[in-house]
Amino acid sequence: MTDSTPSLGIDEIRPYHDAEVPAVLHRISHKASFFHLMRHLVPEFDRAALLEALSGTRSVAEFQARMIHRAMRGILAETASGLTVSGTEALDAAAPRLFIANHRDIILDSAILNVILHELGLPTSRIAIGDNLMVSQLVTDLMRLNKSFIVHRTAPIHLMQAYAQRLSRYIRESICTDGQSVWLAQRSGRTKDGRDETHTGLLKMLSLSGPSAHCESFAELRLTPAVISYEYEPCDMLKAEELVHQAAQLPYTKDDKLSMIRGIRDPKGRIHLGIGGPVELPPEPDAKAASRNAWLRELAARLDGEIRRQYRLWPTHFAAWDLLHGSSRFAGRYTAEERAAFEAHVETRLLEVKGSRYLLRRQLLEIYANSVDLCLPVQEGSPTAGDQ
């Protein structure tokens with residue numbers, strides 16, 4: 001850090017400490033908006049049930065067990081037709097790690113990981129979440145109670161480096177000093193088009209703290225891919241609508257609050273969480289900037305390869321590919337009933353938005369089909385499906 005770069009403290013971004021929990025719970029339990037929000041997210045929680053869950057809660061772990069885990073299991077029981085997981089055998093409470101995750105839903109991706117960790121008897125993970133989602137003090141309180149820390153997506157240009165250094169330092173201290181795992185999306189914001197890709201800028205941010213040697217720096221973070229796969233993509237029509245507007249260079253206003261609620265409440269079919277194996281780091285680069293940047297690109301490619309190996313391709317993905325290409329290439333990957341159910345889903349979603357039916361339908365299908373083009377070659381060692 002240069003002398004002209006300010007050093008920022010972490011209190012502005014960190015989750016709440018246990019000592020702060022009672023006061024925060026007292027504050028939110030006196031807000032009508034808390035009960036209104038929870039009725040949207042978890043209808044089965046009435047006011048009495050919520051107050052009972054909060055009563056006597058004195059720590060973050062208790063809040064997560066009494067409120068978040070219970071709520072998440074209720075949401076999954078109502079909106080998903082099954083949750084499976086693989087790769088958890090390598091997880092160890094004594095080895096906190098940085099979960100590098102593909103990102104498809106604002107709330108559920110990290111919440112599902114924490115459901116699994118809790119049920120395995122392991123400490124839950126801290127969660128990186130963008131400041132754009134802190135739409136109110138209530139939402140900020142709930143997020144920080146749930147071990148979320150704030151990532152500033154925008155910053156004054158003269159503070160950008162300091163913000164990145166603070167974030168890097170906090171993530172490393174969480175893992176290496178506090179013994180707390182961290183969930184971090186592989187890119188800024190959700191994947192909208194089905195193409196999960198690790199941004200090298202994210203890896204560069206991580207390299208701002210710790211040892212100067214890349215291999216030593218990343219080895220102590222224990223990079224672990226956490227890959228979520230939904231049979232029915234959360235907010236798929238909202239994503240398609242946004243992408244169509246962007247392609248046409250038309251104005252589009254995102255509603256993050258709507259996306260949070262829709263992502264939680266809409267049916268998702270089957271869900272799989274795959275925990276990848278340890279990512280093998282490239283050989284240490286020399287001190288030249290070009291070599292170090294090339295090293296980060298190679299690490300991103302290795303992470304992407306493991307994420308694509310772990311991604312679960314569902315019948316919806318293959319049906320979408322065939323519908324998009326007017327093909328029967330993957331007819332063996334879905335039943336007639338599964339294809340009909342997916343086509344009905346597409347038609348229902350198209351009724352929700354205005355605009356070119358052709359463009360919206362095509363974009364919606366691409367969200368699912370792109371995962372086939374990206375992941376199947378890695379999983380089967382075959383040429384890209386779209387090139388055949």
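The values are calculated or read from the model by the stated rules, or taken from the named source; none is laboratory data. On a predicted model such as this, the values are computed, not experimentally measured, just so you know. We place every Cβ from the backbone using ideal geometry, glycine too, and count neighbours over all the protein chains shown. Surface accessibility is based on the protein's heavy atoms, side chains included, excluding ligands, DNA and RNA. Shrake-Rupley method; radii C 1.70, N 1.55, O 1.52, S 1.80 Å.
The alpha carbons of the stretch 148-230 stretch over 35, 31, 25 Å along the principal axes, in descending order.
Once backbone amide H atoms are built at 1.01 Å from N, residue 101 has 184, 185, 186, 226 as its partners under 5 Å, excluding neighbours fewer than 5 places away on the same chain. Scaling against 2.2 N^0.38 Å puts the C-alpha radius of gyration of the chain at 1.01. Listed values for the stretch 135-151 are Karplus-derived 3J(HN,Hα) couplings in whole Hz (6.51 cos²θ - 1.76 cosθ + 1.60, θ = phi - 60°), namely 7, 7, 5, 4, 4, 4, 4, 5, 5, 6, 5, 9, 6, 8, 10, 9, 9, and x replaces Gly and Pro.
Just checking the listed ones, 15, 251, 315: in the Gaussian network model of the chain with Cα springs under 10 Å, the one fluctuating most is 251. The candidates 239, 354, 192, arranged from most to least accessible area with a 1.4 Å probe in the full protein assembly, appear as 354, 192, 239. Out of every Cα-Cα pair that the stretch 63-170 contains, those further apart than 15 angstrom amount to 70 percent.
Across the cross-link table entries 147/268; 239/354; 147/239; 31/268; 204/239, which are compared at the Cα atoms, the separations over 19 Å belong to 147/268; 147/239; 31/268; 204/239. What Kirkwood hydrodynamic radius, in Å, does the stretch 235-388 give when the mean of 1/r is taken over all pairs of distinct Cα atoms and then inverted? About 18.0 Å, per the Kirkwood formula over Cα pairs.
Scalar couplings 3J(HN,Hα) for the stretch 260-274, obtained by applying the Karplus form with A = 6.51, B = -1.76, C = 1.60 to θ = phi - 60°, are 4, 5, 5, x, 6, 8, 6, x, 10, x, 7, 10, 10, 10, x Hz; x denotes Gly and Pro. Taking GluC sites (Glu not before Pro) in DSSP loop states with no more than 15 other Cβ atoms inside 10 Å as exposed sites, the chain has its longest site-free stretch at 45-219. For the stretch 55-99, the equivalent ellipsoid derived from the alpha-carbon gyration tensor has semi-axes of 23, 21, 7 Å in decreasing order.
Each part gets one Cα centre, and for the stretch 316-388 versus the stretch 34-66 those centres are 39 Å apart. Adding -39500 (n - 2.57) for every DSSP H run of four residues or longer, then dividing by how many residues the chain holds, sets the calculated 222 nm ellipticity at -14500 deg cm²/dmol. Residues considered: 131, 304, 193. Largest GNM mean-square fluctuation over the chain, using C-alpha springs under 10 Å, is found at 131. Of the beta bridges in the chain, as assigned by DSSP with both residues counted there, near 20 percent are antiparallel. Within the listed set 369, 344, 93, the Gaussian network model of the chain (springs between alpha-carbon atoms below 10 Å) gives the highest mean-square fluctuation for 344.
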